[in-house]
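J.: Right, I'll just put the structure down here and ask away after.
The values are calculated or read from the model by the stated rules, or taken from the named source; none is laboratory data. Being a predicted model, the structure only gives us computed values, none of them experimental. Counting neighbours? That spans all protein chains shown, and the Cβs are built from the backbone with ideal geometry, glycine included. Side chains are part of the model used for accessible areas, which takes the heavy atoms of the whole protein and leaves out ligands, DNA and RNA. Shrake-Rupley method; radii C 1.70, N 1.55, O 1.52, S 1.80 Å.
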Amino acid sequence: MRTLVAALAALALLAFGESRAAEPPKDPPVFAIGAILAMTGQASSIGQTMSQGMLQAVDEINAKGGIDGVKLEADIEDHKGGGGQDGVAAMNRLISIRHVQALLTSFSAPTIAVAPIADQQHVLMLNGGAVSAKLVGLTPYLFNTRSLATDLSRIAIAYAHEIGAKKLAQLQWQNDVGDNVVKLADPLWTSLGGNVVATEAVAQGTTSMDTQIAKIRAANPDVIALWMFTPEAGLALKRIRDFGLKQPIIGIEYTENDATIAGPAADGYHFANDYFLPSDDNPWSKQFAADYKKRYGADPDFYAANYYENTYVIAECIRRARAKGGDYWNGAKLRDALLANPRFASVYGGDMVFQPNGVALKRTALFTVEGGKRKFVKFFETTQ
């Protein structure tokens with residue numbers, strides 16, 4: 001009798017489990033996907049590019065019926081160029097008003113600031129723009145598709161070593177991004193037989209760095225490294241040449257904004273960066289690029305590609321979570337879906353695979369500047 005009762009109980013549990021597995025998905029009226037970008041401020045051109053990539057992906061997915069009939073909605077908030085407080089305010093609005101379960105984030109300060117909220121509220125975050133090494137392990141809900149500043153600096157340093165430089169001067173952002181690059185660059189350059197002769201810092205948003213450049217000139221380096229991003233990179237290029245310094249300059253970013261600020265002073269600059277390149281062997285990349293240019297009148301850069309691609313990653317996570325049925329529309333279920341299979345189709349070509357540390361490894365490129373325009377030199381493979 002006991003055996004019979006146990007068998008019946010086991011069958012009941014099995015049936016219960018199967019019924020739960022077969023529970024139909026509880027769809028929301030719309031999938032509200034958030035974004036916290038620099039829509040105003042000095043870096044608004046980057047925020048606009050990121051938003052354009054996201055909006056194009058949302059429109060493409062919705063034109064094909066959304067996700068099993070449920071449409072996506074892009075809810076974009078402004079962190080005004082990197083402010084942590086503005087990022088937190090944006091995050092709270094997205095959660096309390098739009099009830100987002102997944103979002104795209106950008107810039108290091110606001111991403112770091114909203115991480116505790118993502119933890120507490122279980123919101124999946126994808127970053128395609130922030131570069132601080134502090135992002136690694138910041139929260140289990142954050143995944144990065146942008147090469148971090150430390151990875152980019154490795155490539156710039158490798159180039160400086162290739163050209164035979166021995167004495168390195170560094171001009172960095174006076175924040176965690178710049179500090180973390182210097183912490184990596186100092187021992188790396190020394191290990192290559194070089195000597196760091198000067199390290200100077202400038203505040204993000206500064207309009208004057210002449211004192212720091214004068215000190216670099218006095219150190220007489222073989223090569224000058226810029227561990228900063230737009231618009232300070234453009235200003236540094238201009239002022240270094242205005243001071244009469246002719247040494248090679250290496251760095252980790254060069255945008256149209258930097259080109260406008262630096263003018264002819266940018267020529268000869270070498271920098272490492274992510275690189276989106278449409279190719280014949282990747283029809284998706286060519287279609288994305290053609291449609292982007294038709295919509296916005298410009299070729300997409302890696303920022304546009306990253307936020308376009310990240311929107312598709314979130315959509316695929318939703319599909320995978322929905323297939324399991326039940327109350328799937330929450331960040332924890334979306335994160336589980338990503339971790340269960342961290343491989344996703346990439347608009348860059350092939351598949352993108354998220355590593356255990358949350359960073360997706362990509363090929364990274366070395367560029368130079370000629371006539372104010374970036375020119376591809378070669379690819380490097382980045383390792384974590």
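J.: Which one of 370, 232, 162 has the biggest mean-square fluctuation once the chain is modelled by GNM with Cα springs under 10 Å?
T.: Answer for the Gaussian network model of the chain: 162.
J.: Sort out for me the Cα centre separation of segment 189-266 from segment 91-169, rounded to whole Å.
T.: For segment 189-266 versus segment 91-169, the Cα centre distance is 23 Å.
J.: Toward the positive end of the charge dipole of the chain, about the Cα centre and with charges on Cβ (Lys, Arg +1; Asp, Glu -1), which of 37, 209, 144 goes farthest?
T.: 144
J.: Of 366, 339, which has the most accessible area with a 1.4 Å probe, and how do the rest follow in descending order?
T.: Descending order: 339, 366.
J.: Let me ask you something else. Specify the residue with the greatest mean-square fluctuation among 136, 100, 177, computed from a Gaussian network of the chain linking alpha-carbon atoms under 10 Å apart.
T.: It is 136.
J.: Any idea what the relative contact order of the chain is, in percent, if you count C-alpha pairs under 8 Å spaced at least 6 apart? List each step's numbers first, then the result.
T.: Details: 757 pairs, mean separation 69.5, N = 384.
Relative contact order for the chain comes out at 18 percent.
J.: Let me ask another. Among DSSP bridges having both ends in the chain, what percentage is antiparallel? Round to the nearest 5.
T.: Antiparallel bridges: around 35 percent, rounded to the nearest 5.
J.: Long-range amide H contacts for residue 199: which residues qualify at under 5 Å (H placed 1.01 Å from N, peptide plane, sequence gap of 5 or more or a different chain)?
T.: Residues meeting the criterion, in which the H sits 1.01 Å from N, are 170.
J.: Taking all protein chains as present, what is the carbon and sulfur share of the accessible area of the chain, in % to the nearest whole number, probe 1.4 Å?
T.: 53
J.: Take the chain, connect every pair of alpha-carbon atoms lying under 10 Å apart with a spring to form a Gaussian network, then pick out the residue of 50, 209, 125 with the largest mean-square fluctuation.
T.: 209
J.: Right, something else. I'd like the Karplus ³J(HN,Hα) series for segment 187-199: coefficients 6.51, -1.76, 1.60, θ = phi - 60°, whole numbers in Hz, and an x wherever there's a Gly or Pro.
T.: Listing the rounded values in order: x, 5, 5, 5, 5, 8, x, x, 9, 8, 9, 6, 9 Hz.
J.: Still on this structure: For log10 I(q)/I(0) by the Debye sum over Cα atoms at q = 0.08, 0.12 Å⁻¹, the listed values are (1) -0.50, -0.92; (2) -0.44, -0.90; (3) -0.43, -1.00; which was obtained by calculation from the structure presented?
T.: Given (1) -0.50, -0.92; (2) -0.44, -0.90; (3) -0.43, -1.00, the calculated one carries the label (2).
J.: Charges only on Cβ, +1 for Lys and Arg, -1 for Asp and Glu: so what's the dipole of the chain about the Cα centre, in debye to the nearest 20?
T.: On the way: 37 positive and 39 negative charges, 71 e Å.
Its charge dipole is roughly 340 debye.
J.: For residue 324, give me every one of the lysines with a C-alpha distance below 18 angstrom, ignoring sequence neighbours fewer than eight places off in its own chain.
T.: Cα-Cα hits under 18 Å: 26, 333.
J.: Applying 1/(1 + (r/R0)^6) with R0 = 30 Å to the Cβ-Cβ distance of residue 370 and residue 220, what FRET efficiency is obtained, to the nearest 0.05?
T.: After rounding, the FRET efficiency stands at 0.65.
J.: Hey, which of these cross-link pairs are over 22 Å Cα-Cα: 167/246; 71/286; 215/238?
T.: Those over the limit are 71/286.
J.: Taking only protein heavy atoms and a 1.4 Å probe, what accessible area per residue, in Å², does the chain have with all protein chains in place?
T.: Working: 16370 Å² over 384 residues.
Normalised by residue count, the accessible surface of the chain is 43 Å².
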